[in-house]
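The values are calculated or read from the model by the stated rules, or taken from the named source; none is laboratory data. These numbers come from a predicted model, not from an experiment. Cβ placement follows ideal geometry from the backbone for every residue including glycine, while neighbour counts extend to all protein chains displayed. Ligands, DNA and RNA are stripped out before the accessible areas are found, and what is left, the full protein with its side chains, is counted by its heavy atoms. Shrake-Rupley method; radii C 1.70, N 1.55, O 1.52, S 1.80 Å.
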Amino acid sequence: MTMTSNPVTINGVTLTGHHVPRQNSVLTPDALGFLAALHREFEPRRRELLAAREERRKAIARGTDPTFLPETRRIREDDSWRVPPPPPGLEDRRVEITGPTERKMTINALNSGAKVWLADMEDANTPHWTNVVTNQLNLIDALEGTIEFTNPDGKKYALKNRDARANPTIVVRPRGWHFEERHLSVRDEPIAGAIVDFGLYFFHNARRLKKLGLGPYFYLPKTESHQEARLWHDIFSRAESMLGTDRGTIRATVLIETITAAFEMEEILHELGEHAAGLNAGRWDYIFSIIKNFRTRGPRFILPDRNAVTMTQPFMRAYTEQLVRACHRRGAMAIGGMAAFIPSRRDEEVNRTAIEKVQADKTREAEDGFDGSWVAHPDLVPVCREVFDAALGDRPNQLDRLREDVVPDDKALIDIASAEGRITEVGIRNNVEVGIRYIEAWLRGNGAVGIHNLMEDAATAEISRSQIWQWVNTRAITDEGEEITRDWVQELLEEEFARIERAEGDRFDDARAIFEEVALGDDYPAFLTTPAYERFLAEPEDPHAPEEAGTSASSRA
């Protein structure tokens, strides 16, 4: 079957996306039927849980602070339960590299020497229809050991080792529950992006991974409650049953990157049950979630400039220490947060200073009891590995460090007023520039973007626009004594936009329109990517699709 933008319905799924080379290897009738079955069974619960999110957010906005849940106290106080031991390939996670599943990035990640690769279909990926399909193709080729890529200038990229067992273990991050894939629908209902990304990877690779002695492993983003973890558990169990794989074959690490999830960490592990592998401290989305939930609550919840919100802030320390305690108490891995620095080949002084900060950050995590941590660039893999090698010695992890000295404290998690730092004009300008530059790259198909030697993704762009919205709507004051108004920020935006160098075919005008909508509009969209997707990427023809990843002559089928 050769698909076009004309709607085609196969096994209950209607496709409206434009044709992508090799898509028939992914969008098979059986795979589409698998997605349709999962959608029909679980879509009503997804919608119910999204509605529950909104109600909880409204309650917080009205002044109800989140707390540990009294109705789940028995789970927290029951010392008897544990998650299963780490599965093959995830016993040692001391250094994990994150990045999109674009073809060249896939090869670089698998050649990096990390223990784990977070194959990111979420915040580091633009959900162009082309990317949605080629993401899956690239992962299949990676597991088969056949992936290669040739740049337009002729430079070739290939795996150093074609045996997947010798490369970093792949852990796939699908899109969050809020995102819908507009190019795939069942009875005119879009299928959740999470179902599409999870379902296609699991369907095509579960048996392949079993032959390798590994399993289908996932990172679960944007989780806001233990009920959402239960939904994932039930989807995993149903998928295993449908394909005839052993129960518990699927293992998942949940990113604790929302403020509400931080109050339910043990409950989330409990609900995942035999599918639980660990938790991760998703620091950037966590900061975004705090701003989003408390954005109208006034001075008590106003954060300083983005660059001042480091892991040494008291409320961030409370979050990470309680995460390690929750994980190790239940036998689950605790994985640290992202080192977003991108090494520079032009400025050794910038490198030296940044690597010192990365070493300090990873040392703090290792000393706190984390079993490993994230980096965004291959050159930082040795830095992170050296720190955790020193902490772990010949042990694969430090699950034996129970952190019984940490006392769960729900008040400490939202002690935002203790944050040190200032709001500055420089910080406002940086938020504006980063937000616009990131959205422009995202619209062109690049979800992970280097800006000022930092790897920016959707989460960091969310912080940038959310801080602007909060500062304007609470009439925050800069350290220079300037009240932050919409008119003033608009003036700064005009100045920053004028400094951007333009090129033929760029998307900066579109990016500016989106940024102004999500940062300066009266309403606050829950995610900036939602209006950007609806306005520019959801059309069947996908006119601004990126160049097709993985379609060099050597990789075409």
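Observations on the structure shown:
- Å² of accessible area per residue within region 454-504, as computed with a 1.4 Å probe and no ligands counted: 46 Å²
- Of the accessible area of region 312-459, computed with a 1.4 Å probe over protein heavy atoms only, carbon and sulfur atoms account for 48 percent.
- Here the Karplus curve 6.51 cos²θ - 1.76 cosθ + 1.60, taken at θ = phi - 60°, turns the phi angles of region 172-187 into couplings of 8, 9, x, 5, x, 4, 6, 8, 10, 8, 6, 9, 9, 9, 10, 6 Hz, with x standing for Gly and Pro.
- Computing Rg and the Kirkwood Rh from the Cα coordinates of region 151-234 gives a ratio, Rg/Rh, of 1.08.
- Dipole in debye (nearest 20) - region 393-505, about Cα centre, beta carbon charges: Lys, Arg +1; Asp, Glu -1: 320 debye
- Taking N as its residue count, the alpha carbon Rg of region 144-196 over 2.2 N^0.38 Å: 1.73
- Against the rule of thumb 2.2 N^0.38 Å, how large the Cα Rg of region 92-224 comes out: 1.05
- The HN-Hα couplings worked out from phi for region 506-523 by the Karplus form 6.51 cos²θ - 1.76 cosθ + 1.60 (θ = phi - 60°) are 6, 10, 5, 5, 5, 5, 5, 4, 5, 4, 5, 5, 8, 10, 10, x, 5, 8 Hz, whole numbers, x standing for Gly and Pro.
- At 0.890 mPa s and 25 °C, Stokes diffusion of region 1-57 via Kirkwood alpha-carbon radius, µm² per second: 187 µm²/s
- Qualifying trypsin sites (Lys or Arg not before Pro) in region 226-258, DSSP loop, other Cβ atoms within 10 Å at most 15: ARG247
- DSSP-loop GluC sites (Glu not before Pro) across region 356-405, with at most 10 other Cβ within 10 angstrom: GLU404
- Average accessible surface for region 201-254: 33 Å² per residue, computed with a 1.4 Å probe over protein heavy atoms with every protein chain in place.
- Convex hull per residue volume in Å³, alpha carbons only, for region 214-314: 108 Å³
- In terms of its C-alpha gyration tensor, region 328-448 has an oblate overall shape, because the principal axis ratio a/c (a ≥ b ≥ c, square roots of the eigenvalues) is not below 1.5 and a/b does not outweigh b/c.
- Remark on the chain: Rg and Dmax equal 22.3, 64 Å (Cα only).
- For region 269-358, taking the reciprocal of the average inverse distance between every pair of different Cα atoms yields a Kirkwood hydrodynamic radius of 15.6 Å.
- For region 430-528, the set of GluC sites (Glu not before Pro) satisfying both a DSSP loop assignment and a count of at most 10 other C-beta atoms within 10 Å is given as GLU480, GLU501, GLU504.
- Given charges at beta-carbon only (K, R positive; D, E negative), |dipole| of the chain in Debye: 1540 debye
- The relative contact order of the chain, computed from alpha carbon pairs under 8 Å that lie at least 6 residues apart in sequence, is 19 percent.
- Between the amide H of GLY99 and those of LEU118, ASP120, distances stay under 5 Å, these residues lying 5 or more places away or on another chain, with hydrogens modeled in the peptide plane.
- DSSP bridge pairs, region 102-178: antiparallel proportion in percent, nearest 5: 40 percent
- Annotation: amide H-H contacts under 5 Å for TYR219 (H modelled 1.01 Å from N, sequence separation of 5 or more, or interchain): VAL172, ARG173, THR253.
- In units of the rule-of-thumb radius 2.2 N^0.38 Å, region 1-102 shows an alpha carbon radius of gyration of 1.70.
- Shape call, region 389-525: gyration tensor on alpha carbons, a/c limit 1.5: oblate
- Tensor-based shape of region 476-547 (alpha-carbon gyration tensor, a/c under 1.5 rounded, otherwise prolate or oblate): oblate
- Using the Karplus relation 6.51 cos²θ - 1.76 cosθ + 1.60 with θ = phi - 60°, the per-residue 3J(HN,Hα) values for region 401-418 come to 8, 7, 6, 5, 6, 8, 9, x, 9, 6, 5, 5, 5, 10, 7, 5, 4, 7 Hz, with x marking Gly and Pro.
- Considered as an equivalent ellipsoid built on the Cα gyration tensor, region 38-80 has semi-axes of 25, 21, 5 Å, the largest given first.
- For region 28-172, the fraction of alpha-carbon pairs lying more than 27 Å apart is 48 percent, rounded to a whole number.
- Interchain or long-range residues, amide H under 5 Å from ILE342's placed H: LEU454, MET455
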